[in-house]
Amino acid sequence: MKATSRRKFLRVSGLAGAAFGFPTIIPSRVLGADAPSNKINILQIGCGRIGRDMDMPGILKQNAARMTAVCEIDSLRLADAKELVEGHYRKKNIDLKVATYADYREALQHPDIDAVAVSTPDHWHAEPVIAAALLGKDIYVQKPLSMTIAEGRAVSDVVQARKRMFQIGSQQRSGSQFRMACEMVRNGRIGKLHTVKIGLPSDPSGGSTEVIPVPSNLDYKMWLGCTPDAPYTKDRVHAQGADLKTRYGERPGWLRIEDYCLGMITGWGSHHVDIAHWGMDTELTGPLTIEGRAEFPKSGLWNVHGPYHIEMGYANGVTVIIDHKLPNGVRFEGSDGWIFVTRGAERVTASDPVPKGAAAKALQASKPEILSTPLGEKEIRLHASPNGDHHLDWIQSIQTRKPAVTSAEIAHRSTSACITGWIAMKLGRKLKWDPVKEAFEGDDTANSMRQRAQRAPYGIDHMKRG
């Protein structure tokens with residue numbers, strides 16, 4: 001994929017020559033490590049539930065960074081985000097006026113922005129990531145990387161070509177129990193690995209189909225982006241309300257609609273499949289065979305999959321089983337034992353599901369010595385995020401220009417494995433996948449589902465990349 005120049009990108013986006021003001025950072029301490037010139041200026045794109053609960057707090061606590069701009073198409077959320085960020089810095093005696101934008105394309109133009117954090121709905125991941133990479137910005141993006149395999153391939157290619165430092169919101173990678181589990185598997189503590197079992201939640205059907213007026217604070221046309229035009233309903237986008245708990249506390253309806261999210265198979269699957277790939281040492285490839293079945297709602301607004309079962313076969317002989325009945329986590333099974341790893345009682349947002357009973361323990365094994373035996377000097381050691389902090393790992397990657405715990409290609413491969421599972425669930429038959437060509441063998445219908453039509457002027461198909 002050819003990359004375009006910054007000047008050409010700005011011209012084709014219709015924004016070349018525009019001049020936008022940007023706030024001057026005037027901290028109370030202007031010398032030494034706290035000088036503004038030593039800070040990474042970050043633009044936050046998307047200030048909803050996951051942005052406000054996860055990414056904004058995670059970035060704001062980093063001493064080497066400054067969140068100097070926020071972008072959001074809901075004006076109420078935009079105002080909240082500005083106050084949240086400025087209030088954070090006021091408590092640290094830093095006078096910072098945060099710039100606000102309703103259009104990420106406008107925000108990305110300013111050369112003082114060094115990096116971006118993208119915390120938007122799934123259908124709005126690929127486009128701003130590619131735009132940021134073309135403009136030389138480093139990138140943090142929430143999972144899953146993309147809605148389609150074609151989008152994911154484009155993102156990885158552009159990010160790699162532009163040599164951008166990248167991190168995806170697979171924060172389990174930075175959790176010590178997940179790293180330890182994968183190290184033990186990679187070093188043969190459970191013998192020859194043969195099966196990985198992944199448990200994910202499932203979504204309910206429902207959702208109101210009643211058409212109501214679009215709230216005046218929401219740019220609904222842009223929210224829809226490259227997806228088909230659709231009437232506004234209260235359960236299609238995100239909650240509206242006067243108080244913050246109502247506005248951010250609920251799991252938004254778009255997570256249950258296939259135009260904007262493929263359901264739990266990518267929503268939580270991208271977390272756990274990423275860990276499975278890490279432990280299996282298959283981070284840069286994918287399955288060879290996929291079988292899947294699922295129940296899909298026949299009425300209501302919400303149409304992502306319900307109960308499901310997926311089996312994937314990899315070239316290393318390992319079978320990956322993903323099923324809604326399994327405990328939420330990843331279980332590695334080998335010839336000499338097993339390891340089960342999960343988040344335990346940890347939640348990123350208030351609505352996150354957590355395992356119950358015995359499965360709630362974050363790290364377990366069939367024998368105590370599997371976990372208690374320390375690694376030898378010559379054994380495999382995986383990337384350890386500093387202080388177990390996923391956002392700090394990204395910030396240090398920007399500073400050192402060394403890769404973070406995830407890369408765009410790793411993110412694409414875990415996401416694309418989930419998407420092949422979704423395609424198998426939709427078709428209800430066994431599929432053969434070529435992870436090198438990234439194509440299904442002898443199945444035109446399945447191959448047609450690797451991409452989607454995108455409504456102009458949005459979507460990566462309508463971006464000029466070269």
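The values are calculated or read from the model by the stated rules, or taken from the named source; none is laboratory data. Nothing here was measured: the structure is a model prediction, and the numbers come from that model. Ideal geometry is used to build each Cβ from the backbone, glycine not excepted, and the neighbour counts take in all protein chains shown.
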Exercise for review: Could you please find all residues in segment 270-317 being under 18 Å from ASP434 (Cβ atoms) and assigned to a loop (DSSP other than H, G, I, E, B)?
Suggested key: THR282, GLU283, LEU284, THR285, GLY286, PRO287, LEU288, TYR314, ALA315, ASN316, GLY317
**Study point:** Residue check for ILE380: over 23 Å from THR120 (Cβ atoms), in contact with a helix residue (DSSP H, G or I) (Cβ under 9 Å, 6 or more places away or on another chain) and surrounded by fewer than 15 Cβ atoms within 10 Å (Cβ to Cβ)
**Key:** yes
Check your understanding: Can you tell which of SER414, SER407, SER448, SER385 is closer than 21 Å to THR319 by Cα and not β-branched (Val, Ile, Thr)?
Key -> SER414
Review point. From the set of residues in segment 84-104 that are charged (D, E, K, R) and not in a loop (DSSP other than H, G, I, E, B), which is surrounded by the most Cβ atoms within 10 Å (Cβ to Cβ)?
Key: GLU86
Check your understanding: From ALA81, ALA69, ALA107, which residue is in contact with a strand residue (DSSP E or B) (Cβ under 7 Å, 6 or more places away or on another chain), among the small types (Gly, Ala, Ser) and outside any helix (DSSP H, G or I)?
Key -> ALA69
**Study point:** Residues being assigned to a helix (DSSP H, G or I), surrounded by 13 or more Cβ atoms within 10 Å (Cβ to Cβ) and either free of Cβ contacts under 8 Å to residues at least 12 places away in the same chain or basic (Lys, Arg) (or both) - total across segment 407-466
**Key:** 3
Study note, to complete from the structure: GLY329 passes all but one of the listed conditions (1) at positive phi; (2) part of a loop (DSSP other than H, G, I, E, B); (3) not charged (D, E, K, R); the exception is number (2)
Revision key, fill the gap. Of the residues in segment 139-164, those that are surrounded by fewer than 24 Cβ atoms within 10 Å (Cβ to Cβ) and of a type in the set (Lys, Arg) come to ARG153, ARG162, LYS163, ARG164
Check your understanding: What residue, of GLY357, GLY344, GLY263, GLY329, is modelled with pLDDT of 95 or more and closer than 29 Å to GLY191 by Cβ?
Key -> GLY329
Check your understanding: Of the numbered conditions (1) modelled with pLDDT under 95; (2) not in a loop (DSSP other than H, G, I, E, B), ASP203 satisfies every one except a single condition; which is it?
Key -> (2)
Practice item. May I ask you to list pairs of residues, at least six apart or on different chains, whose Cβ atoms are under 7 Å apart, with the first in segment 171-182 being among the basic types (Lys, Arg) and the second being surrounded by fewer than 21 Cβ atoms within 10 Å (Cβ to Cβ)? Key: ARG179/LEU382; ARG179/ALA384
Revision key, fill the gap. Taking segment 212-242 and keeping residues of a type in the set (Phe, Trp, Tyr) and in a loop (DSSP other than H, G, I, E, B) leaves TYR232
